[in-house]
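A quick write-up on the structure given underneath.
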Amino acid sequence: MKILVIGGGGREHTLVWKIAQSPNVEKIYVAPGNAGTALIAENLTTKPTDIAALGNVAKDKNIDLIIVGPEAPLASGIVDYFDSLGIPIFGPTKAATQIESSKVFARNLMQKYGISCPKSVVFSSYPEAQRYLERQEPPIVVKADGLAAGKGVIIADSMQEANKALSDIMEAKIFGPAGDKVIIDEYLTGQEVSLIAFTDGKTVSPMVPACDYKKIWDNDQGPNTGGMGSYSPPGFFSARMTEKVTNAILLPTVRAMANEGMPYKGVLYAGLMVIDGEPVVLEYNARFGDPETQVVLPLLKTDLVDILMAVIQGNLDQLTIEWSPEACAGVVMASAGYPGSYKTGFPVQGLDNVDRDLLVFHAGTTLGNNGIIYTNGGRVLTVVGRGKDIAEAREKVYHNLPDIHFEGCYYRKDISLREIA
Ligand code: AMP
Ligand code: GLY
């Protein structure tokens, strides 16, 4: 098969790495990819959101299967487009992607079908939202309805911060029309975990659970990022809990979507808060998580291409998906200044000196004509250790990190530490 992967981050490098292990794969293209994918696939310059150009690429190169990494092309209907061309593509339709692209849609769905979610109120009028805020106590959770590159949720610790978040979103429109509506949530505390599943619209097959770290500094301090690390599996999330979430959340969600006339196929990501053993959905995503994918797919034993085809063909129930009982810890190496402004173009050194079984997934990197790898983004690498348990995986990754270097490189020291201490 000839496969086209859309996206260029650590998640997509991991997808390419896993797909490349399939005996059914002859050639992989990535649009746009990074230096890591350039070493195992062919990078194309086509933009992930230029759907018509991707259509031409797919026809030109006789692509047999397309896999979409990021949410933006899903939300603009890339799956509907390739379905109309008759080219197999993995992911939900534009209508089904609303589960991620509209938090109001997701919240209404959960409320209608009795799927556990925070108590919340939706507003489309700024003055009404302001009046409601006045009667609340911090911490207050303010969420923009639409896609906001992971920045649309503000946990305000003061009324002043909550009012600013609301006016930024609804009045200044810092996220554009994504802020036409807001949700104000009750604030929950508990253990956060991501459970991501394959689904063909009928059968749901959960992956191993994972935790990600969103804050830039150790001990979850500082601003939010795209994700600074992850590990799998979390000790507190048992196989029974996976079963519970599958039966009480994932399956009911997939059935609800079918019932609403928007059958859901692809990957369904449930961002959960577990409170006294009870899972609550904070958000859905319509795609693989980043950086969860980097620690989840290395534990997948089954051929990923077989799974993706079974999802597209609607016979996921015929396939047994196997997972390794091992553990992974992944640490993101970022450019100094990220998630604010940062410089790029620094050579990445030491990649040849690390242990051979260390997994290095690239994100913001580019391959120079001279064969040197340069930084090209805020999050540069996700470095993943695999071991018999989290302690071994963690030791492996942190033992190797000092050998990899680029100017101003920064990483958190506490990824997966809570599982050890
Ligand atoms: P979301 O994009 O909805 O997952 O929100 C991003 C992050 O905000 C989550 O990973 C949580 O850490 C936090 N969060 C979202 N909703 C709530 C809530 N109702 N209570 C507490 N924290 C929340
Ligand atoms: N790790 C969170 C996300 O992929 O949205």
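Any read-out appearing in this document is the output of simple, stated calculations on the displayed coordinates, not a laboratory observation. As the structure is a computational prediction, the values presented were derived from the model and not from experiment. Note that each Cβ is placed from the backbone with ideal geometry, even for glycine, and that neighbours are counted across all protein chains shown.
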Pair Ile174, Trp323: separation of 7 Å Cα→Cβ label points (nm)
3.6
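When the chain is fully extended, how far beyond the present Cα-Cα distance does Tyr410 get from Arg255, taking 0.36 nm per residue of separation? Mind showing how you got there, number by number?
Details: separation 155, 0.36 × 155 = 55.80 nm, distance 4.32 nm.
This chain segment gains 51.5 nm when fully extended.
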What's the Cα-based Rg to Rh of region 192-332, Rh via Kirkwood?
0.97
Among the listed pairs Lys214/Lys413; Lys47/Lys94; Lys2/Lys59; Lys27/Lys94, give every one whose C-alpha distance is greater than 23 Å.
Lys27/Lys94
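Based on the Cβ-Cβ distance from Tyr126 to Ser76, what FRET efficiency comes out when R0 is 30 Å, to the nearest 0.05? Display every interim value, and only then the final one.
On the way: r = 27 Å, r/R0 = 0.90.
For R0 = 30 Å, the calculated efficiency reads 0.65.
Could you work out the relative contact order of region 175-217? I mean the mean sequence separation of Cα pairs under 8 Å and 6+ apart, divided by the number of residues, in percent. Could the numbers behind the result be given before it?
Values: 27 pairs, mean separation 12.4, N = 43.
Answer for region 175-217 is 29 percent.
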Taking Leu299, Leu268 and counting other C-beta atoms within 10 Å, the order from fewest to most
Leu299, Leu268
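Assuming 0.692 mPa s and 37 °C, estimate D for the chain with Stokes-Einstein, Rh taken as the Kirkwood radius over Cα pairs, in µm²/s.
The diffusion coefficient I find is 150 µm²/s.
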Under 22 Å from Lys244, Cα to Cα: lysines that are on another chain or at least 8 residues apart
Lys112, Lys119, Lys202, Lys265
How are the C-alpha pair distances of region 43-95 spread across 10 Å bins, as whole percents from the shortest bin up?
26, 64, 10
At most 14 other Cβ atoms within 10 Å plus a DSSP loop assignment makes a site exposed; report the longest stretch of the chain without any exposed GluC sites (Glu not before Pro).
27-170
Using only DSSP helix segments of four residues or longer, with each worth -39500 (n - 2.57), what per-residue ellipticity at 222 nm results for the chain after dividing by its residue count and rounding to 500?
-8000 deg cm²/dmol
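Could you state the orientation-averaged shadow area of the convex hull built on the Cα atoms of region 147-196, in nm² to one decimal?
Working: hull surface 17.8 nm².
Over every viewing direction, the Cα hull of region 147-196 projects on average to 4.4 nm².
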Shape call for region 369-421 from the C-alpha gyration tensor, a ≥ b ≥ c root eigenvalues: rounded (a/c under 1.5), prolate (a/b greater than b/c) or oblate?
prolate
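Can you give the local net charge around Gln160? Use residues other than it whose beta-carbon is closer than 15 angstrom to its beta-carbon, Lys and Arg +1, Asp and Glu -1.
-4
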Translational diffusion coefficient of region 125-243 at 4 °C, 1.567 mPa s, Stokes-Einstein with Kirkwood Rh over Cα pairs, in µm²/s as a whole number.
79
Determine the distance separating the Cα centre of region 225-303 from the Cα centre of region 346-393; give it in Å without decimals.
26
Computed lengthening from Asn370 to Ser167, 0.36 nm per intervening residue step minus Cα-Cα distance:
68.2 nm
Trypsin sites (Lys or Arg not before Pro) lying in DSSP loop within region 235-331, provided at most 14 other Cβ fall within 10 Å
Lys301
Quick one: among Gln21, Gln111, Gln318, which has the greatest mean-square fluctuation in a GNM of the chain with alpha-carbon springs under 10 angstrom?
Gln318
For region 175-264, taking Cα atoms only, what is the radius of gyration to one decimal and the Dmax to the nearest whole Å?
16.2, 44
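Percent relative contact order of the chain, based on C-alpha pairs within less than 8 angstrom and at least six residues apart? It would help to have the intermediate numbers written out before the result.
Numbers: 957 pairs, mean separation 67.5, N = 421.
Rounded, it is 16 percent for the chain.
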Whose amide H sits under 5 Å from the amide H of Ile89, counting only residues 5 or more places off or on another chain, with H placed in the peptide plane?
Ile66
Which whole-number percent gives the relative contact order of region 15-86, counting Cα pairs below 8 Å spaced six or more residues apart?
21
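Report the semi-axes of the equivalent ellipsoid for region 1-73 in whole Å, largest first, where each axis is √(5λ) for an eigenvalue λ of the Cα gyration tensor.
Values: eigenvalues 56, 42, 20 Å².
Equivalent ellipsoid semi-axes, largest first: 17, 15, 10 Å.
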With region 1-151 reduced to its Cα atoms and the Debye formula applied, log10 I(q)/I(0) at q = 0.09, 0.11, 0.14 1/Å amounts to -0.40, -0.55, -0.76
Quote the Stokes-Einstein diffusion coefficient, in whole µm² s⁻¹, for region 311-403, based on the Kirkwood radius over alpha carbon pairs, a temperature of 10 °C and a viscosity of 1.306 mPa s.
104
